[in-house]
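Undergrad: Sharing a structure below in structure tokens format, with a few things to ask.
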């Protein structure tokens, strides 16, 4: 009798064991599906971030060129630092960076107001892939990002009666100061000195 009971217990335990293993496998596949979707979303966010930053950096360089051309006219500096005087046509760079991150730009454009910048929406070229979650195999992830261009230096315009041949001193966020000599403009701040480009919070 005892031997029969032991075999009966083993027979009853086996279906329970199978059920537990099947449940664990299902849970593992569910975690995998969540991981696949998260990785796809992360890829879309990385592409959007890179694209927005690329567009903003492209325009930052153009603003720096505009400032250099008008360095002897400080009355134009403020407008340039606020993003005026150049076309916001950096979306071609956004497309390039999105493609490098295996994504496609769905929309790209300049943001309104100050600080100036770009808003980009990007979509992954890859899909989530095979998953136990029905209907998501062909799903692509879409994310957006905003990058802004802020002046990294400040200055004060000369007052009435000031020497017109003396240019304002630039005081920058990193603690550096630029004293500009209108007779020797060979050493000017670069784009990374004049502007701070970063993703908006």
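Undergrad: Quick test of your reading of the structure: residue 117 fulfils all but one of (1) buried (at least 23 other Cβ atoms within 10 Å of the Cβ); (2) farther than 30 Å from residue 158 by Cα; (3) touching a residue at least 60 places away in the same chain (Cβ under 8 Å). Name the failing condition by number.
TA: Of the numbered conditions (1) buried (at least 23 other Cβ atoms within 10 Å of the Cβ); (2) farther than 30 Å from residue 158 by Cα; (3) touching a residue at least 60 places away in the same chain (Cβ under 8 Å), the odd one out for residue 117 is (2).
Undergrad: With the condition kept exactly as written, say whether any residue in the stretch 116-132 is modelled with pLDDT of 95 or more, closer than 30 Å to residue 41 by Cα and assigned to a loop (DSSP other than H, G, I, E, B).
TA: Checked against the condition, which is being modelled with pLDDT of 95 or more, closer than 30 Å to residue 41 by Cα and assigned to a loop (DSSP other than H, G, I, E, B), the stretch 116-132 yields at least one hit.
For every residue, the table says whether it meets (1) modelled with pLDDT of 95 or more; (2) touching a strand residue (DSSP E or B) at 6+ places or on another chain (Cβ under 8 Å); (3) closer than 23 Å to residue 191 by Cα; (4) part of a helix (DSSP H, G or I).
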{"position": "40", "(1), (2), (3), (4)": "no, yes, no, yes"}
{"position": "65", "(1), (2), (3), (4)": "yes, no, yes, yes"}
{"position": "88", "(1), (2), (3), (4)": "yes, yes, yes, no"}
{"position": "97", "(1), (2), (3), (4)": "yes, no, yes, yes"}
{"position": "108", "(1), (2), (3), (4)": "yes, yes, yes, no"}
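Undergrad: Of everything in the stretch 137-153 that's assigned to a loop (DSSP other than H, G, I, E, B) and touching a helix residue (DSSP H, G or I) at 6+ places or on another chain (Cβ under 7 Å), which residue is modelled with the highest pLDDT?
TA: Looking at residues that are assigned to a loop (DSSP other than H, G, I, E, B) and touching a helix residue (DSSP H, G or I) at 6+ places or on another chain (Cβ under 7 Å), I get 152.
The values are calculated or read from the model by the stated rules, or taken from the named source; none is laboratory data. None of the values given here were measured: they were computed from a predicted structure. Please note: Cβ atoms are built from the backbone with ideal geometry, for glycine as well, and neighbour counts cover all protein chains shown.
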